[in-house]
Amino acid sequence: MRQFLLFISIILVGVLFISRLFYLQVYSSNSNSLYDDNAIRKVWDYPKRGFVYDRNGELLVSNQPSYDVMVIPREVEPLDTLEFCNLLKIDKEKFISTYNKARHYSPRLSSVFVSHLSKSDYAVLQEKMRKFKGFYIQKRSLRHYETTIGANVLGDIGEVNNAIINRDDYYKMGDLIGKQGIEASYEETLRGVKGLKFIQKDRFNRDIGSYKDGEFDITPEQGKDIKITIDADLQAYGELLMQNKRGGIIAIEPSSGEILAMVSAPTYDPNILVGRNRSKNFTKLYNDSRANPLFNRSLQGVYEPGSPFKLMNALIALQENVVTPNETVTCYAGYKYGNRFMKCHCYSGTRNNMISGIQKSCNAYFATTYRKILDKNGNASQGIDTWSKHAKSFGLGQFLNNDLYVGQKGRIPDRAYYKHIYPNTFYSTYTISNAIGQGEVATTPIQLANMAAAIANRGHYFTPHIIKSIENETLPEQFTKPKITSIDKQNFDPVIEGMLQVYQKGTAATLQVKDIDICGKTGTVENFVKIDSVRTQLTDHSIFLAFAPKDNPKIAIAVFVENGYWGSRFAGRIASLMIEKHIKKEITRKDLEEWLLKHSLENEYAKPYSGEPFRINGQTSLQIVDDQEYNRLKTELNKIHKTAN
């Protein structure tokens, strides 16, 4: 019996060993258990991000090789800290703080210790890495911007923070993510899918090769290439015209909603936010509270729209049948209501119908029209809600549901908005400033450009968007299905005729472009800021809205120039040149071009800090750029025109 017991015991022990070995070899040798195996090092294999092209196929964003020094804290052994710091070009304090941060993140997982080594630094360091246990070099790609334009369009990439890591388990400490612009909006498309390599280590913790010949390695998937709607030449031209100025330009193709140009000024070279100097350069841009170059004025700038909003009031009045196109209003150099007077540039006794009212930008005509809208049924509270709904059907006062990373709603007030100010009685005169696009009305440049596109299309628009195509994908319906406004098609004709007259003999008559029928509207908006808690008036903003040609329009545009005096002075000139550049691909109005290159508004932007008055004896003043700056701008201009041709 004892012999059998011994034999059975030996058999059982043998079965247990064989079972354990079988389990380790078959069931435990899979990618899940490998993550916890101390004898195997896990190395993320980062894919290349997708390329970005402009609408004409010009490459805007590609990749360049980069090298990160990684650390696994629990594998770090005593080392010559001074030598290591010298190789990495960091000080000891930086070494200690980065190491402690990595150890706090995870002692056993790798994290970035020093990012974005140059090729030369990598070559020197690679030969000595064997001396520094627990550290290794990982290759990845950084962005390379093939252009110096479009920083607000393209955006940039940077390291993820803890909030992102906690929200999305795809990202690990040291990973890169799109921070702004296209890089952020289309992060999941551009980033691709990370791969993973398993490296076998020996008992001395040295790498001895790929685990099981890479059987469990995960191959990375490269990010998809995208084509955006921006015309790089038009974008570059707009940025040049806006140098030494602040504001925004949005140009849209009315037939598709594609954004042709999205300029925010001042801007910067996107390449300064790449590599080891990214943090320093970003901090410098972020702390520039005066120029605020990181603020995307074309999408986030909220301004009173001024006289271009008169077009909206004209359309609403026609739709509500409270005016006819030929009905006239007499202007007495302004509009009197109660004991107040709204000034106008028209001569006293001028009679304007809708077309001439738009052409001359008559305040009296549109104040009268606005009151007729609100007082249609004898109930201004009901009237302002009707007015508000019509305006919002053009995308005003709301996010446009586009694919842009940032934006603002703007403001189109209704009765609920005014309830806390006028809880009981409400009259149309209380909000009369809305008649001329001031008061409580506020829009962004992209909203105003979209309004111009809707007018150009006689009653519909496509959601403005920046994506033109994605590799092997189709665009979502939200960008291809038209949005219908609440204004009937026939009501657009007199408004469009009035906009044409603005160029032919109105407030933009000096800005005409030969052989192009441009429909436009000038705008001048009062500009107030608080200086030492005192509400102070500065130089007016210059605003312009236009589309062209009148029939079969190719471009709709809105231009906002802060402190630009009046609509035709800066914004109007820029709009005419941008339209000609897009349609003709060349410029005939060289006089407008020269004027914009020579004149700067930097002195206007300094006034809130210098104490200089915003107007001198009621006259305007202009700063002329020096010869060096003019020659620089002229050189850039010649490059743009040469490239386009």
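The values are calculated or read from the model by the stated rules, or taken from the named source; none is laboratory data. Computed from a predicted structure; not experimentally measured. Cβ coordinates were reconstructed from backbone atoms using ideal geometry, including for glycine residues, and neighbour counts include every protein chain displayed. Protein only, heavy atoms only, side chains kept; ligands, DNA and RNA dropped before computing areas. Shrake-Rupley method; radii C 1.70, N 1.55, O 1.52, S 1.80 Å.
Observations
- Condition check for Asp36: at pLDDT below 85, acidic (Asp, Glu) and open to solvent by 90 Å² or more (accessible area, probe 1.4 Å): yes
- Residue within the stretch 343-352 that is hydroxyl-bearing (Ser, Thr, Tyr), within 22 Å of Gly523 (Cα to Cα) and open to solvent by less than 20 Å² (accessible area, probe 1.4 Å) present: no
- Options Thr524, Thr510: the member that is part of a helix (DSSP H, G or I), of a type in the set (S, T, N, Q) and open to solvent by 40 Å² or more (accessible area, probe 1.4 Å): Thr510
- Only residues that are open to solvent by 60 Å² or more (accessible area, probe 1.4 Å) and among the acidic types (Asp, Glu) were counted across the stretch 80-138, and they come to 4.
- Residue in the stretch 179-201 that is open to solvent by less than 50 Å² (accessible area, probe 1.4 Å), assigned to a loop (DSSP other than H, G, I, E, B), in contact with a Gly (Cβ under 8 Å, 6 or more places away or on another chain) and over 18 Å from Ser66 (Cβ atoms) present: yes
- Tally, over the stretch 544-599, of residues that are in a loop (DSSP other than H, G, I, E, B) and not β-branched (Val, Ile, Thr): 18
- Subset of the stretch 272-315 [open to solvent by less than 50 Å² (accessible area, probe 1.4 Å) and under 28 Å from Ser141 (Cα atoms)]: Leu273, Val274, Gly275, Arg278, Asn281, Leu285, Pro293, Leu294, Asn296
- When each of Ile543, Ile484 is tested for being under 27 Å from Gly459 (Cβ atoms), surrounded by fewer than 23 Cβ atoms within 10 Å (Cβ to Cβ) and of a type in the set (A, V, I, L, M), the lone residue that passes is Ile484.
- Which numbered condition Ala416 misses (of (1) more than 28 Å from the chain's Cα centre (by Cα); (2) modelled with pLDDT of 90 or more; (3) buried (at least 18 other Cβ atoms within 10 Å of the Cβ)): (3)
- Selection of helices (runs of 4 or more DSSP H) fully inside the stretch 202-309 by the criterion of at least 3 residues being closer than 21 Å to Thr444 by Cβ returns 232-241, 297-300.
- Within the stretch 157-168, one or more residues are in a loop (DSSP other than H, G, I, E, B) and of a type in the set (A, V, I, L, M, F, W, C).
- Pairs are defined by a Cβ separation below 6 Å, a sequence spacing of at least 6 or placement on different chains, a first member in the stretch 82-98 that is outside any loop (DSSP other than H, G, I, E, B), and a second member that is of a type in the set (Lys, Arg) and at pLDDT below 90; the pairs so defined are Cys85/Lys92.
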